[in-house]
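Working notes, structure below.
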């Protein structure tokens, strides 16, 4: 065997260094994988469980008075009075019943504030909180928000309570591990785990921002927390999608970034105080964008009506496209509604709109949505258009008419409504495909008011000459206004 010479020692040393580096990289990769795929949720569950509570509610339901000995003797029987007296003695009159419900919640401060769902405690006469230790305390209702299905409770404890804090739900990614704790089906404290299946889900509410998860959520889990691996609450378990009422792996938790705003207002005011802009708006699709001068893409919120309120006071107009609100880009109606609602009442904000092909900035002082009341626009003093024969636009597949008294009566239209009536729409036409229907009233065309068929046809001709593929219409249908893009080429 030859001795290792200096020339052989160097490559050997390099090989060991390479091997050591490889082992270190492999160890780091395994550690990273361990963080992504935890071997156990036991430590996390043990740490946060003391902050999760079971909620039992009691509701008194009034008893129904006896209307007679129904089901015992037929009405009018000679024995009717005898059996009525017998029932009254037995029942002692109508008796109230007690109804109870079960749910979950979690403590968010050492002095006893608790978050749960509104539907868990709605209508309850008594609310009892059971802690992980088995201790029970009565709770006071601080405030509720049916729009997000969130409620805040308060208990008085002799010692500081264990609590958890909210995390940033916007940082939750599809595929992240999450853990739910609650009181499913009244079985007491229970833990389930899964991943974030989807983000920004909307179910039926105006302010919906749900995290979808496959962590098992059942009846009784409502109001409980959804944790990330750091032990922060990223959602409040609220609803499930299931044909049977049990978990099929589709659950929804209201995002923590929504809940934190709501709970702060409920704790401070006992109610929500959302910003109110005071406009009726709709999304901008490709067809509408093509008919709006100065709008390069299908983004923003198109103003279809401006009733009396903050927006009207600031000068917003029907046909404006809101593209920026308080420094934030507006992609669609849902985003704008959420942003406005989360903005403090009374704040003056900059609103950038596209109007007649130009960008304009307006200052709007927001009102309070909860106090807003619908107000109708004042009646127009414009003269009634002269009667004309209905005009059929063969190339567009629509038949239009001036709003005569006869047409108003036939379509049951308000006396102060101004525009052009749609008497017929060819079901094979593009106009029908876009949603135009007989009975609609066109009040604006090309963002200008129209009151006669002649004005309407002039707007169509103007759009064609300008090379536009569609003409933006404002339609009134059963009292509601909505924009529509009418193909004209």
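The values are calculated or read from the model by the stated rules, or taken from the named source; none is laboratory data. Values in this document were obtained by computation on a predicted structure and should not be read as measured data. Ideal geometry is used to build each Cβ from the backbone, glycine not excepted, and the neighbour counts take in all protein chains shown.
Remarks
- Residue list for region 164-178, filter: over 25 Å from residue 264 (Cβ atoms) and in contact (Cβ under 8 Å) with a residue 60 or more places away in the chain: 177
- Only one of the listed residues (408, 369) is crowded, with 16+ Cβ neighbours inside 10 Å, under 35 Å from the mean Cα position of the chain (by Cα) and modelled with pLDDT of 80 or more. That residue is 369.
- Within region 176-206, the set of residues being in a loop (DSSP other than H, G, I, E, B), surrounded by fewer than 21 Cβ atoms within 10 Å (Cβ to Cβ) and at pLDDT below 95 comprises 187, 188, 189, 202, 203, 204, 205, 206.
- Scanning region 453-489 for residues that are over 16 Å from residue 425 (Cα atoms), touching a helix residue (DSSP H, G or I) at 6+ places or on another chain (Cβ under 9 Å) and in a loop (DSSP other than H, G, I, E, B) returns 468, 469, 489.
- Criterion (modelled with pLDDT under 95, part of a loop (DSSP other than H, G, I, E, B), surrounded by fewer than 23 Cβ atoms within 10 Å (Cβ to Cβ) and in contact with a strand residue (DSSP E or B) (Cβ under 8 Å, 6 or more places away or on another chain)) met by exactly one of 247, 242: 247
- Residue within region 230-238 that is surrounded by fewer than 23 Cβ atoms within 10 Å (Cβ to Cβ) and within 16 Å of the chain's Cα centre (by Cα) present: no
- Options 185, 161: the member that is farther than 14 Å from residue 236 by Cα, in contact (Cβ under 8 Å) with a residue 60 or more places away in the chain and not assigned by TED's automatic domain parsing to the domain that holds residue 116: 161
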